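> Okay, handing you the structure first.
Here, each number is a calculation from the coordinates, and none is a lab measurement. Here the structure is a predicted model, which is why all the values come from computation and not from measurement. All Cβ positions, even for glycine, are placed from backbone atoms using ideal geometry, and neighbour counts span all protein chains on display.
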Amino acid sequence: MSAPFGRRRLTIGGARRVGAYVVLAAPDPGGPAPEPGQFYMLAAAERWGGGEDERPFLPRAFSVLRATGTDPPTLEFMLEDVGPGTRRLGELVPGDGLWVTGPLGQGFTAPGEGRRALLCGGGVGTAPLAIWQDALLASGREAPALLGFRDGEHAEGAGLLRDARVATDDGSTGHHGPVTDLLVAELDAGTPAIVYACGPPGMLEAVRALCEARAVPAQLALESGMACGFGACFGCVVPTRDGSYVRLCVDGPVLDAELLAGVPAH
Ligand SMILES: Cc1cc2nc3c(=O)[nH]c(=O)nc-3n(C[C@H](O)[C@H](O)[C@H](O)COP(=O)(O)OP(=O)(O)OC[C@H]3O[C@@H](n4cnc5c(N)ncnc54)[C@H](O)[C@@H]3O)c2cc1C
Ligand code: FES
């Protein structure tokens with residue numbers, strides 16, 4: 001489902017901390033329900049910029065973490081403070097205004113016959129996997145999740161999915177090492193799988209290469225700098241294996257791994 005024309009002003013209904021992350025919730029009476037893997041461009045309605053005499057920030061892209069209820073659906077977003085935009089969004093409290101444009105882009109597609117879904121994420125790449133796990137479980141499929149984080153505080157984000165197995169860089173929670181260690185064990189267990197992954201570029205490239213080496217299909221939710229979010233600026237292009245480019249905001253953010261010779265670093 002694509003976004004209605006223009007941006008909509010929502011009102012924050014909830015804001016909670018989950019370890020190192022903030023989860024915002026906002027009822028969206030004007031928008032269609034998102035599909036798993038789609039994203040929204042978000043901007044705070046007030047104080048969205050460097051100051052009185054400075055230009056406002058561009059909206060920032062966020063995967064939808066979850067959409068709950070129907071009348072209206074409440075959108076949830078998971079964010080980490082990495083700069084001025086995410087910091088400002090992380091300050092929002094119930095009653096504050098939130099501009100949204102979305103849902104945007106192409107999301108995940110269901111596993112083919114006889115393949116089991118394996119979800120693999122890192123950091124804020126957890127977000128699109130939560131709504132995708134909800135959809136897979138609701139359709140009667142299994143959806144085991146493997147999630148990697150830098151430390152125990154970040155690993156609390158794993159609680160946003162059901163029964164996720166965790167790896168941390170510092171070994172404070174779960175497996176000590178990259179989440180791809182857990183993925184290799186699952187892939188080599190022998191059951192035909194399809195991997196759905198989202199996370200930082202290095203992790204996604206490792207997932208892509210592991211799957212390619214084993215002829216396992218994968219769908220990767222990529223990130224890139226996005227200025228518009230709807231195909232107009234070409235700021236989000238990613239090179240493909242055949243020498244052309246795709247715009248991540250309209251052709252992605254979820255791409256079939258076989259389209260890519262590699263996952264570009266930011
Ligand atoms: C489709 C999509 C979905 C996303 N989903 C989420 C999400 O669910 N939760 C979340 O916290 N973040 C998500 N992001 C990343 C988020 O958009 C950026 O972290 C945010 O724009 C940073 O804004 P800022 O002003 O806080 O920091 P900035 O000052 O703009 O950036 C801080 C640092 O992050 C880097 N950066 C900025 N934008 C991006 C980007 N798009 N991708 C990678 N690095 C970037 C910058 O180079 C810089 O090093 C997503 C991005 C995309 C494209
Ligand atoms: S963000 Fe503008 S074309 Fe993709």
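> Angle, helix 201-213 long axis vs. longest principal axis of the chain, Cα atoms, 0 to 90°, nearest 10?
The helix 201-213 is inclined about 30 degrees to the chain.
> Quick check on the stretch 30-162: take the gyration tensor over C-alpha atoms, sort the square-rooted eigenvalues as a ≥ b ≥ c, and tell me if it's rounded (a/c under 1.5), prolate or oblate. Mind showing how you got there, number by number?
Values: a/c = 2.39, a/b = 1.64, b/c = 1.45.
It comes out prolate by the Cα gyration axes.
> Note the angle between two axes, namely the Cα long axis of helix 126-138 and the longest principal axis of the Cα atoms of the chain, as a number of degrees from 0 to 90, rounded to the nearest 10.
The angle comes out near 70 degrees.
> Follow-up. Using every alpha carbon pair in the chain, what percent of pairs falls into each 10 Å bin from 0 up to the bin containing the largest distance?
7, 31, 37, 21, 4, 0
> Treat the stretch 122-266 as a sphere of radius equal to its Kirkwood radius over Cα pairs and apply Stokes-Einstein at 4 °C in a medium of 1.567 mPa s; give the translational diffusion coefficient in µm²/s, rounded to a whole number.
Once the numbers are plugged in, D ends up at 82 µm²/s.
> Mean separation of Cα pairs under 8 Å and 6+ residues apart, divided by the residue count of the stretch 116-259: what relative contact order is that in percent?
20
> Can you work out the Karplus-derived ³J(HN,Hα) for every residue in the stretch 85-100? Use 6.51 cos²θ - 1.76 cosθ + 1.60 with θ = phi - 60°, whole Hz, and x for glycine or proline.
Once rounded to whole Hz, the list reads x, 5, 5, 5, 4, x, 8, 5, 10, x, x, 6, x, 9, 7, 10.
> Related question: Which residues in the stretch 119-153 have a backbone N closer than 18 Å to a point placed 7 Å from the Cα of R214 along the Cα-to-Cβ line?
119-122, 142-148
> Here is a follow-up. Once you keep just the Cα pairs under 8 angstrom separated by 6 or more residues, what percentage relative contact order results for the stretch 8-103?
Averaging sequence separation for qualifying contacts and normalising by length gives 43 percent for the stretch 8-103.
> Determine the dipole magnitude for the chain: charges of +1 sit on the beta-carbon of Lys and Arg, -1 on that of Asp and Glu, nothing else is charged, the reference point is the Cα centre, and the result goes in debye to the nearest 20. Walk me through the numbers before you get to the answer.
Values: 21 positive and 31 negative charges, 89 e Å.
Here the size comes out at about 420 debye.
> Could you give the semi-axes, largest first, of the ellipsoid that matches the stretch 8-103, computed as the square roots of 5 times the alpha carbon gyration tensor eigenvalues and rounded to whole Å?
For the stretch 8-103, the ellipsoid semi-axes come out as 21, 14, 12 Å.
> State the answer as a single residue: which of A117, S244, V184 lies farthest towards the positive end of the charge dipole of the chain, with beta carbon charges of +1 for Lys and Arg and -1 for Asp and Glu, about the Cα centre.
Farthest towards the positive end: S244.
> Return a whole-number percent for the relative contact order of the chain, with Cα pairs under 8 Å and 6 or more residues apart as the contact set. Intermediate results must be reported in sequence, preceding the final value.
Values: 621 pairs, mean separation 47.5, N = 266.
Once normalised by length, the contact order is 18 percent.
> Still on this structure, I have one more. Give me the net charge of I12's neighbourhood, meaning all other residues with Cβ under 13 Å from the Cβ of I12; Lys, Arg count +1, Asp, Glu -1.
Net of charged neighbours comes to -2.
> Roughly how big is the stretch 8-103's charge dipole about its Cα centre, with Cβ charges of +1 (Lys, Arg) and -1 (Asp, Glu), in debye to the nearest 20?
I would put it at about 100 debye.
> Okay, moving on. Roughly what % of DSSP beta bridges within the chain run antiparallel, to the nearest 5?
60
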